[in-house]
1. About its Cα centre, how strong a charge dipole does the range 84-234 have in debye, to the nearest 20, once Lys and Arg get +1 and Asp and Glu get -1 at the Cβ?
2. Specify which residue in the list S94, A141, I157 is farthest towards the positive end of the charge dipole of the range 83-175, using unit charges on the beta carbon of Lys, Arg (+1) and Asp, Glu (-1), about the Cα centre.
3. Taking N as the number of residues in the chain, what is its alpha-carbon radius of gyration divided by 2.2 N^0.38 Å?
4. So for the chain, averaging the separation of alpha carbon pairs under 8 Å that are six or more residues apart and normalising by length, what relative contact order in percent results?
5. Loop only by DSSP, 14 or fewer other Cβ within 10 Å of the Cβ. Give me the GluC sites (Glu not before Pro) in the range 36-80 that pass, ordered by residue number.
6. Loop-only check: which trypsin sites (Lys or Arg not before Pro) in the range 50-91 are DSSP coil with at most 13 other Cβ within 10 angstrom?
7. Leaving out same-chain residues fewer than 8 places away, which lysines sit with a Cα under 20 Å from that of K206?
8. Could you name the aspartates and glutamates in cross-link range of K40, using Cα to Cα under 16 Å and dropping any fewer than eight places away on the same chain?
Amino acid sequence: MNTCYHCSEALCTRQVPIFSSLSEEELGKISAMIKHKKYKKGNALILEEQPSETLFIVRKGYVKLLKITAQGKEQILRVLSVGEFFGELSIFNSGETSNFSAYALEDTEICLLTKAAMQQIIQENPAISIKLLETITRRLAATENLAQSLATSDPEIRIAYMIIEMGKKYGKRELEKTKIRLPLSREEMANYVGVTRETISRKFRKFERDGIIEINGTREITICDADKLYEYVD
């Protein structure tokens with residue numbers, strides 16, 4: 001683990017929304033506190049119930065947060081990309097253990113801030129605590145939406161919701177379409193919405209026949225008709 005020298009080049013702090021209001025000097029101070037670590041695809045960043053007093057910031061790659069159900073199945077809670085973070089609860093609570101596991105979805109680079117460093121940063125820049133609260137609130141809303149989606153027995157609704165969510169987060173607009181580079185494999189998408197891998201593939205093909213999406217390999221789809229997609233979840 002080495003000091004993240006490149007953070008002053010905007011590879012860590014500048015890409016994190018909670019630090020967006022800070023000056024160059026303030027960003028430089030935070031960069032000096034950050035450590036940098038690389039994880040290979042499939043490596044665990046942290047395991048459920050493991051003690052942690054660290055804020056993890058995604059500098060490059062994707063990270064999935066998950067829990068293992070009572071049936072021993074993987075339930076993906078959230079996928080994080082560049083500029084997103086997790087571990088914020090440990091900043092405000094003593095002796096906190098992680099309530100999920102985190103794994104690199106591809107070769108990933110992470111910037112790390114200790115609890116002591118984050119507390120110092122918040123004391124010197126109180127507005128950051130408001131930014132943290134805003135982020136946590138949005139995550140709670142997203143979790144509630146996911147729970148509502150999973151409550152339905154209709155797999156098409158679940159999968160449509162997932163495509164919409166990924167389109168908002170990872171999509172790139174191209175004329176009237178949205179191209180999405182999928183961070184999850186078919187198996188992982190199945191774990192995310194609580195269906196089988198075969199169901200994911202079958203419903204993707206149905207959506208493609210209906211002109212709603214185009215499938216471009218295993219890791220890319222294009223939303224062709226967003227209105228029809230939203231009809232499933234409205």
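1. 200
2. A141
3. 1.08
4. 18
5. Filter output for the range 36-80: E49.
6. K73
7. By straight Cα distance, K206 reaches K177, K179, K228.
8. Candidates past the 8-residue exclusion: E106, D107, E109.
No value in this document is a laboratory result; all are computed from the given coordinates. Source: prediction; values computed, not measured. Methodologically, a virtual Cβ is constructed for each residue, glycine included, from the backbone with ideal geometry; neighbour enumeration extends over all protein chains shown.
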